[in-house]
1. When you scan the stretch 175-206, how many residues do you find that are under 35 Å from the mean Cα position of the chain (by Cα), among the polar types (S, T, N, Q) and open to solvent by less than 60 Å² (accessible area, probe 1.4 Å)?
2. Quick one: which residue in Ser411, Ser437, Ser442, Ser454 is among the polar types (S, T, N, Q) and in contact with a Cys (Cβ under 9 Å, 6 or more places away or on another chain)?
3. Looking at Val338, Val321, which one is in a loop (DSSP other than H, G, I, E, B) and of a type outside the set (Phe, Trp, Tyr)?
4. Open to solvent by 100 Å² or more (accessible area, probe 1.4 Å), modelled with pLDDT of 80 or more and not aliphatic (A, V, I, L, M) - does that describe any residue in the stretch 213-222?
5. Looking at the stretch 334-353 only, could you name the residues that are small (Gly, Ala, Ser) and either crowded, with 21+ Cβ neighbours inside 10 Å or within 25 Å of the chain's Cα centre (by Cα) (or both)?
6. Any idea which residue in the stretch 11-27 is nearest to Gly63 (Cα to Cα), counting only those that are open to solvent by less than 40 Å² (accessible area, probe 1.4 Å) and in contact (Cβ under 8 Å) with a residue 40 or more places away in the chain?
7. Among Ser331, Ser279, which is open to solvent by 50 Å² or more (accessible area, probe 1.4 Å), in a loop (DSSP other than H, G, I, E, B) and modelled with pLDDT of 95 or more?
8. In the stretch 316-328, what residues are of a type outside the set (A, V, I, L, M, F, W, C) and at pLDDT 95 or above?
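The values are calculated or read from the model by the stated rules, or taken from the named source; none is laboratory data. Bear in mind that the values here come from a model prediction, so they are computed numbers and not experimental data. Cβ placement follows ideal geometry from the backbone for every residue including glycine, while neighbour counts extend to all protein chains displayed. For the accessible areas, the whole protein counts, side chains as well, though only heavy atoms, and no ligand, DNA or RNA atoms are used. Shrake-Rupley method; radii C 1.70, N 1.55, O 1.52, S 1.80 Å.
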Amino acid sequence: MALAWAHVSFMEELLCPICLELFSDPVILRCGHNFCRACVQRYWQQQALGPRCPECREVTCQGPLRSNQVVQAMSEEARSQAGLYCQQHSLRLKLFCNTDRQLMCVHCRDSLAHREHQASPVREAAQVYKEQMQVKIASIRNQVAAFTGFIHTEQDKASEVKKGSEALRSHMKEQFFQMHRFLQEREDSLIRELAEHENSVLELIRENLRKAEEGRQTLDAQLKGLTEQQAQDDDIEFLKDVRLPGETSTPLPLGLFKGPLQYKVWKEMKDFISPVPASLTLDPGSAHQKLVVSEDLTHVWLMDTPRLLQASTAEMFNPCVNILAAQGFTSGRHYWEVEVGNKTAWDLGLARESVQRKGMITLSPIDGYYTIWLRNGNEYKALEWPAVPLTLGTRPRKVGVYLDFEGGQVSFYNADDMSHLYTFRDTFTERVFPYFSPYLNSCPGNAEGLRLFSLKL
C-alpha cells in the first residue's frame, strides 16, 4: 500500500489542473504552468479577459503554444505502468479516501457512491446547479478584476491630471508674480521720483519764504525809523536794497507723471517679457526652387517657374514647396508670429533638422514635423497621426508658434487675440527649425505669400 501511495503522489504532478487527467499533448505557458493543449485552448475560449494562466492568472501571449516534451514523455510512461489504471474502465486510479487508502477510478467511485448513497435526481440537479454557480462566480470574479483594473487606471490618470494642473498653476503664478513685481517696482520708482521733485520744489518755496520774511523784517525796522524823524528826499534810497525773491517755477513736471503713463510702462516691459518674440529670417538654401525670398529674408512666395541658375541641393525641399528658418533651436523657450493674411492654404510649424526633404513628405510628428495647415479657405487641421480637424471661432490673419524645447511643447495661437489653436507634446533630442509653406498658387486666392512678423514693443 505504501508503494501505491508513492505512485499516487508522483502521479499528482502529471495531472492537468483543468481536466485532472494525465497530460495529453502538454504545453507550457510563460509562467511555467503546464496544461493539456486542448484544455487550455478551451478555457481561453470561455474567458472574456484574453489569454491568462488558469492557475496564477498571469497574462500570456496568444501565439503558438510551446509543447513540453519532458512532461509528455513522463505522462506516457505513467500510462504504461501496470496497476495505475482500472482494468474494467481503463481510467487512472486515484486515492479518493484518506481513511482506507483505496485506489479506484472515477467510474468505480461513482458506482460505489451510487450504491451507498443511492443518489437521487435532486442530488444530481444540485451538482449541476453547483457547477453552473461556479462558472458564474468565476465570470463575476473576472469582471470584478476588470473593473478593479479600470478603476486603478482612472485613478492613476486623475493623479497625473492633478499633478499637471498644480505644475501649470505654479507656472502661471510665477509668471504673474514677475509682472506684478515689475509693475510694483516701477510704481515705487515713480513715487520716489515724484517725492524727490516735491521736496525740491517745497525746499525752493521754503527758501523764498525765508528771504521774503527777512525782507519784510528789514522794511518794518526802517519804517519804524521813518516815523520817528522826518525823512529826507534821499532817505528813500534805502528801498533799492530790498528785493522780493523770484517766483517759484512750475511746481511739478506734469508731463512726467500725468502723460501716457500706462503705455510708457508697457514699452518698458519689453526687456522683462520672456520669451521675447523672435526676429526670424528665412533660409533660401532650404527653399524649393519655385519659392522666392525677399531681400530682407522675411517674405516668401511661390512663382510659377523655378528660379534661374539655381541648382538643386541636398538642403532644398523638392518637390514640396517648403522652406525653413535660418535660425534653429536646441534649448529654451521661443515664440514667433507669421502673417498669413487672406491666404486660402498654408502650412506652419516646426521641423526636426533630420527630416526628409526630398520626395513626397508626410507631415506628422512621426516624420519629425509638428504643423497645422489651412486648405480650401476654411479647413484647418493639426497634423497629428491621424490628423485632428480644428474648429476656429475666427479666421487668423497672424499665427503665433510657441516652442518649449525642454518641456517638449509646440503650441499654436491665433496671434490676433492669442486664442489657443492646438498643442503638440513630444521629446526633442535634436535641433529644430521653424517651418513654412505658402502652398500652391493653383488654390483660388492663394497667390499671396507668407511674411514673418517682427513685433516691436
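1. Looking only at that region, the number is 2.
2. Within the list Ser411, Ser437, Ser442, Ser454, the selection yields Ser437.
3. Sole residue among the options that is in a loop (DSSP other than H, G, I, E, B) and of a type outside the set (Phe, Trp, Tyr): Val321.
4. Yes - at least one qualifying residue is present in the stretch 213-222.
5. Correct list: Ala345, Gly349, Ala351.
6. Val27
7. Just one listed residue meets the conditions, Ser331.
8. Within the stretch 316-328, Asn322, Gln327, Gly328 meet the criteria.
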